[in-house]
Structure formats: C-alpha cells, structure tokens
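See below for the structure under consideration.
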Amino acid sequence: MRLGLISDVHANRPALETVLDALDDAGVDELFCAGDLIGYYTWPNEVIDLLREREMTAVKGNHDAGISDTPVRFNSVARQALEWTREQLTDENRAFLAGLPETVRENIDGHDIYMVHGSPRRPLEEYVNGSSIGPAFIESCFEEAPDVCIMGHTHHPYSHKVDESLLVNPGSVGQPRDGDSRASYAVLDLEEMSVEHTRLEYDIDAVDEAVREHLPSTLGERLYHGL
Ligand code: ZN
C-alpha cells in the first residue's frame, strides 16, 4: 500500500494538477492532504473539486479555518487572499472546508496513521520544524505514538524516524518556502515504511498572471524564489 502525501496546496491549480498527474503515474492507492487547500492563489473551487473527486483524506489547515472564522491571525496579504477566496467559494465547498476534521487517525493495513496540519498539540497553529523533532516531542503529543505522523503548515519537506514513529511533512504543493520553487509532495510506502520526496516544476507564470488580476502581486513573485 502506497499513500500520496500532499499539503499546503493554497488554491494553486497548476501546481496541484502537475502533482496529481505524477501521483497517478506512480500508481498510489490513496491520497492524504495535510491541510491548507485554499488561501493565497486563485483557484479555490477548482482545487477543492479536484481533491474531492479523488476522495482524499484531508485535515483542516489554518487558512481553511480562516474561511469560517474571522481571519484576524493572518498578515494583511494572507487576509486579503482569504477575503477574496471567501467571495469565490461555492456554498458546497465552503461547507466542505468547515466540515474538515482537525486531526485524522486511521488504521491502514495494520499501520496506525495520524495526520494534522500544524502539530498534535495545536492542530492549526504550531509550526513543527523538522530538525527540532525528538522523542520529547512525540511524548508530549501522544499517549500512544502512531506509526506515521503526517504534518504540514511549515511548507518545508522532511521525514524523520523518531523511536518507532515516522514523521513526515510532504512540503507545500502550492507555495514552497525552502528556496526551491518546484511543487513538493511525497509518497509513503507502508510495507517498507519509507518515504520518497519529489519536486516538480510547473507553470508558475500562469499563477503569477492570475494573481495580478485579483490579488497582491507579491504572492506571484515569491513563487519564483520558493519563499
Ligand atoms: Zn500553508
């Protein structure tokens, strides 16, 4: 059994389509999304529709939550994007985002799989830096550690084995922030308990152009730098 892992799509359709094509070619069995489907870019409905068609398992990110809450915790550019997104969303997709769980824990083929956007301690807020993860983190989060803990939110990909748990952040599909502009995703092989991270180039120009029509241009510019 192999799981396609994605996160932080942020309504970037060209990036998502590129990643989904690659996951189809790789023949993954299931798709897991660690939140932030929307916010920042201009295809919120299309991105949600594409992911719903694939019956992905998803959790709610802080931007997804920002659609129904007052988005006070965001910087002004993120807030503008969220306010614009709120106007665009269909009622059905707004309800879909509101209905996403903050955490998911599933047994797949005998493997205990946990997923959250931020951290198990603060699902929508905490940024978990890959290099700071150790046994103390796992202990503070779980009574019983899962086999796999999937997290997003930082837009930085990593995978680490800590004791018996595999911690994975697939990075960001729609707005990487590790200095690499290519879309990021991962494939988790449950039999081997191994993770393969992949980066793919996609049509950033198309996103930049669409941003300029509707949103602050900095959102397009940062994509070229992976920031
Ligand atoms: Zn994000």
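For segment 144-173, a residue qualifies if it is in contact (Cβ under 8 Å) with a residue 60 or more places away in the chain, touching a Pro at 6+ places or on another chain (Cβ under 7 Å) and under 15 Å from Val187 (Cβ atoms), and the qualifying residues are Asn169, Pro170, Gly171. Here is the figure for segment 26-58: residues that are within 15 Å of the ligand (Cβ to nearest atom) and part of a loop (DSSP other than H, G, I, E, B) total 8.
The residue list Asp64, Asp91, Asp69 contains one member that is over 16 Å from the mean Cα position of the chain (by Cα) and either modelled with pLDDT under 95 or within 12 Å of the ligand (Cβ to nearest atom) (or both), which is Asp69.
Taking (1) assigned to a helix (DSSP H, G or I); (2) surrounded by fewer than 19 Cβ atoms within 10 Å (Cβ to Cβ) in turn, Leu23 satisfies each apart from (2). Just one of the listed residues (Val47, Val59, Val19, Val28) is touching a Ser or Thr at 6+ places or on another chain (Cβ under 7 Å) and either within 15 Å of Thr85 (Cβ to Cβ) or not aromatic (Phe, Trp, Tyr) (or both), and it is Val59. Scanning segment 28-46 for residues that are more than 12 Å from the chain's Cα centre (by Cα) and not aromatic (Phe, Trp, Tyr) returns Val28, Asp29, Glu30, Thr42, Pro44, Asn45, Glu46. Six or more apart or on different chains, Cβ under 6 Å: which pairs go from a residue in segment 1-21 that's within 12 Å of the ligand (Cβ to nearest atom) to one that's assigned to a helix (DSSP H, G or I) and at pLDDT 95 or above? Could you list them? Listed by first residue and then by second, the contacts come to Val9/Leu16; Val9/Val47; Ala11/Pro44; Ala11/Val47; Asn12/Val207.
I'd like to know if segment 80-99 contains one or more residues that are within 30 Å of Leu190 (Cα to Cα) and surrounded by 14 or more Cβ atoms within 10 Å (Cβ to Cβ). Within segment 80-99 (the criterion being within 30 Å of Leu190 (Cα to Cα) and surrounded by 14 or more Cβ atoms within 10 Å (Cβ to Cβ)), the answer is yes, since at least one residue qualifies.
Here Asp163 fits the description: of a type in the set (Asp, Glu), out of contact with any Asp or Glu (no Cβ under 7 Å at 6 or more places or on another chain) and within 21 Å of Ile133 (Cβ to Cβ).
The values are calculated or read from the model by the stated rules, or taken from the named source; none is laboratory data. Note that the structure is a prediction, hence the values are computed from the model and not measured. FYI the Cβ positions are ideal-geometry reconstructions off the backbone, even for glycines, and counts take in every protein chain you see.
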